[in-house]
Amino acid sequence: MASTKAKREAKPKKAGRNHAKKESKPATEAPLELTWSLAELPSAQHKTGLAGLVLMVRWLEQQPRRKGLCELTRLDADGATLRVDRTGMRELFDETYAAAAVEREEGKLRKHPKTKAEIPPLRTVEREVKDERGKLKKKTFYAYPATEPRGAFLADLDDPGSGKSGLWIKMWRSMVWSILRAIPATRGPYEKRAEGPFTDDAEEAFGELTSGADQSTDLPSTYYIGAQAMTAESVPFGDRVRFRFLLHFWPFAVGLYVPGVLDAEGKRDFPGYALAFPDLADLETGCDEIYRVLKARGTKALAYLPVEAVVDLPAEGALDLAGRLFKRLSKKTGDMPGSDLLLGIDVIHVEREGNNVRVRSSARVEPTPTMTDEYERLRKRYWDPFFRRQILANHIAGRPLHLGFNRLFQTHPYERFFARQDSYFRHDAEQFFKEDEREVNA
């Protein structure tokens, strides 16, 4: 009993200096510093992504109430260096994938993809619309909840409140939703941010870049147009973590066009998009000029599209974008060769078909100022879509301009081209032969 009492009354010994461990404070996480050079990037899509990242970071630096670090510590002709902490990465992704919950009116009732049962709309609306003959008729529209990507600085550049049409940002949002995020499962970054705070993708990107920026990773078609799980030779598509990171941002610097498809009567439909990826030779100048080209886009409409975005051939996107960049460059420097800015432009024609996105064509164009000037002249000179399309196809391919018309005449009725005295085709043919005659007699 005595010993038990002694134990109870015994005072605990004071811990000596070597007996107790002080709680260590968590180490401050150092920011990431990531460097890219144009020479090391494997594709024009990656280079366009680097340009898009530069434009996004520049815009982000102007936004109020920022808490994180996300800055360019180096930007020159050869490449760029990004310094970013975890909070800055969250802010960058929040703006890249910013979205809002909206209502969208649709002409048909939605159906469940599996059961095919009709999904009740939020409400129905009757509106007067014009039919193919131009007559007004009533049509019922069904309002459904939808998610709308914001578009960061692209939305600011095309803000209707500033006198802009809003057509460019509308087309951009449609491209993102119908092409890049055509599969509903890939829309999470937008949809979750429309509902509230979401940081999973930013945390994942920061973690991957911290643990191994040059490690290999998969390369889904969500980021890289044309990628597949496996090539025809059973080789998986892959990339470096540091390179794939750039592919989040190419939608903010890509040239966006809509090729018109002609039916037998010459009526145009617009079933897809032509994406023009500039293969930059000078990053700093390229970013400056791309931004100015985006800012200077016109507001004139053709149906529901910006008229400047409508082309006859996908490859025209390369010539149009290059021509605008060359003109901007000429005003700025006066004598800088176009090849010092652009090595070329990759154009990919993509179209949604059901639940799949198809690559209809891809081409590499290496434009020069002379080539783009002649393209602009030909495009304005000829009015008939069939005639203009053939002339432009020959120009882009470097063929004599008169080639290919025999096939056109073999596959379409005579009346389509020459039945009317005032037909555009007849006008264009006369203009072409007069110009050819002047060149022969010169």
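The values are calculated or read from the model by the stated rules, or taken from the named source; none is laboratory data. Quick caveat, the model's predicted, so the values are computed rather than measured. Ideal geometry is used to build each Cβ from the backbone, glycine not excepted, and the neighbour counts take in all protein chains shown.
Annotations for the structure displayed:
- In region 226-270, of all residues being among the aliphatic types (A, V, I, L, M) and modelled with pLDDT under 95, the one that is farthest from Asn355 (Cα to Cα) corresponds to Ala264.
- Residues that are more than 9 Å from Phe387 (Cβ to Cβ) and not acidic (Asp, Glu) within region 411-426 comprise Thr411, His412, Pro413, Tyr414, Arg416, Phe418, Ala419, Arg420, Gln421, Ser423, Arg426, listed in sequence order.
- Contact map, region 429-442: residues that are in the same structural domain as Arg389 (by TED's automatic domain parsing) paired with residues that are of a type in the set (D, E, K, R), Cβ distance under 9 Å, separation 6+ or inter-chain. Pairs shown: Ala429/Asp384; Gln431/Arg381; Phe432/Arg381; Glu435/Arg381.
- Checking each residue in region 142-171 for being surrounded by 11 or more Cβ atoms within 10 Å (Cβ to Cβ) and assigned to a loop (DSSP other than H, G, I, E, B) picks out Arg150, Gly151, Asp158, Asp159, Lys164, Ser165, Gly166.
- Summed over region 354-388, residues that are without any contact (Cβ under 8 Å) to a residue 60 or more places away in the chain, farther than 27 Å from Phe432 by Cβ and more than 19 Å from the chain's Cα centre (by Cα) total 1.
- Comparison of Lys192, Lys139 shows that the only residue that is part of a strand (DSSP E or B), surrounded by 11 or more Cβ atoms within 10 Å (Cβ to Cβ) and not β-branched (Val, Ile, Thr) is Lys139.
- Single residue of Leu55, Leu50, Leu82 found to be within 18 Å of the chain's Cα centre (by Cα), closer than 18 Å to Tyr291 by Cβ, surrounded by 22 or more Cβ atoms within 10 Å (Cβ to Cβ) and in contact (Cβ under 8 Å) with a residue 24 or more places away in the chain: Leu50
- Checking the stated criteria, Ala322 turns out to be crowded, with 21+ Cβ neighbours inside 10 Å and small (Gly, Ala, Ser).
Yes or no, residue by residue, for (1) polar (S, T, N, Q); (2) assigned to a strand (DSSP E or B); (3) touching a residue at least 24 places away in the same chain (Cβ under 8 Å); (4) farther than 25 Å from Ala182 by Cβ:
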position	(1), (2), (3), (4)
Tyr257	no, yes, yes, no
Leu275	no, yes, yes, no
Leu294	no, no, yes, no
Gly317	no, no, yes, no
Asp320	no, no, yes, yes
Arg324	no, no, yes, yes
Leu329	no, no, yes, yes
Val350	no, yes, yes, no
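- Checked against the criterion of being farther than 19 Å from Leu209 by Cβ and at pLDDT below 85, region 25-36 has at least one qualifying residue.
- With respect to (1) of a type outside the set (Gly, Ala, Ser); (2) without any contact (Cβ under 8 Å) to a residue 60 or more places away in the chain; (3) buried (at least 19 other Cβ atoms within 10 Å of the Cβ), the lone exception for Phe252 is condition (2).
- Residue within region 199-214 that is surrounded by 12 or more Cβ atoms within 10 Å (Cβ to Cβ), without any contact (Cβ under 8 Å) to a residue 60 or more places away in the chain and part of a loop (DSSP other than H, G, I, E, B) present: no
- Scope region 92-115; condition within 30 Å of Pro31 (Cβ to Cβ) and either touching a Lys or Arg at 6+ places or on another chain (Cβ under 6 Å) or surrounded by fewer than 21 Cβ atoms within 10 Å (Cβ to Cβ) (or both); matching residues: Asp94, Glu95, Tyr97, Ala98, Ala99
- Filtered residues of region 78-109 (kept if among the charged types (D, E, K, R) and either closer than 14 Å to Met56 by Cα or assigned to a helix (DSSP H, G or I) (or both)): Arg83, Arg86, Arg90, Glu91, Asp94, Glu95
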